[in-house]
Ligand SMILES: [Zn+2]
Ligand SMILES: [Zn+2]
């Protein structure tokens, strides 16, 4: 089991073409691939009246409640919602860096989403922020070069950014096997 995964999308990210209908909160909760699990659907898909149902469902499943915010334009509104943490797209522009102060002022954890994929300048990120190492994007970049200079400056969070059950790792197969009462045969 993984230690923690706070970056997970579900069918509430309804405009995200990578999400499949099977990726429900109930399934993520049932698979329980990590000790600490949080759901972080796109805030722009929740702000139009979907948030309450989302919040109820995540809480009922016993998971942490997050949202993924797409830049500064959504920050004022997002801070008014009762979530446990924020995941934030910080593109390399002044307004995105400035808006971080408002998120930090809520005293809730702020995770900088896949900075290597958004060209975020980590020199401009306050050290109170948590930096994500994102399973979906990390391997597509020169992560060694991008992250190493900041290794001792920040605290890091690992996230799957799962949009489909299999992105949660082999734990889905493990879950199905355990539901079936199948014990895995070890070949070697
Ligand atoms: Zn993202
Ligand atoms: Zn995401």
Q: Could you please let me know if residue 62 is touching a strand residue (DSSP E or B) at 6+ places or on another chain (Cβ under 9 Å), under 30 Å from residue 31 (Cβ atoms) and surrounded by fewer than 16 Cβ atoms within 10 Å (Cβ to Cβ)?
A: yes
Q. For the range 168-178, does any single residue satisfy the condition of being in contact (Cβ under 8 Å) with a residue 60 or more places away in the chain and within 16 Å of ligand 1 (Cβ to nearest atom)?
A. no
Q. Any residue in the range 89-100 that is away from ligand 1 (no atom under 16 Å from the Cβ), farther than 16 Å from residue 74 by Cα and modelled with pLDDT of 95 or more?
A. no
Q. Applying the selection to the range 30-51, what residues are out of contact with any strand residue (DSSP E or B) (no Cβ under 7 Å at 6 or more places or on another chain) and within 23 Å of residue 82 (Cβ to Cβ)?
A. 44, 45, 47, 48, 49, 50, 51
**Q.** Evaluation of residue 78 against (1) within 16 Å of residue 157 (Cβ to Cβ); (2) in contact with a strand residue (DSSP E or B) (Cβ under 6 Å, 6 or more places away or on another chain); (3) within 16 Å of ligand 2 (Cβ to nearest atom) (one fails), failing number
**A.** (1)
Q | Test: residue in the range 87-97 that is under 26 Å from residue 33 (Cα atoms), surrounded by fewer than 21 Cβ atoms within 10 Å (Cβ to Cβ), touching a strand residue (DSSP E or B) at 6+ places or on another chain (Cβ under 7 Å) and without any contact (Cβ under 8 Å) to a residue 60 or more places away in the chain | A | yes
Q) Would the range 136-149 turn up any residue that is touching a residue at least 12 places away in the same chain (Cβ under 8 Å), touching a strand residue (DSSP E or B) at 6+ places or on another chain (Cβ under 6 Å) and either at positive phi or within 16 Å of ligand 2 (Cβ to nearest atom) (or both)? A) no
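The values are calculated or read from the model by the stated rules, or taken from the named source; none is laboratory data. Remember, it's a predicted structure, so these values are computed and weren't measured experimentally. Ideal geometry is used to build each Cβ from the backbone, glycine not excepted, and the neighbour counts take in all protein chains shown.
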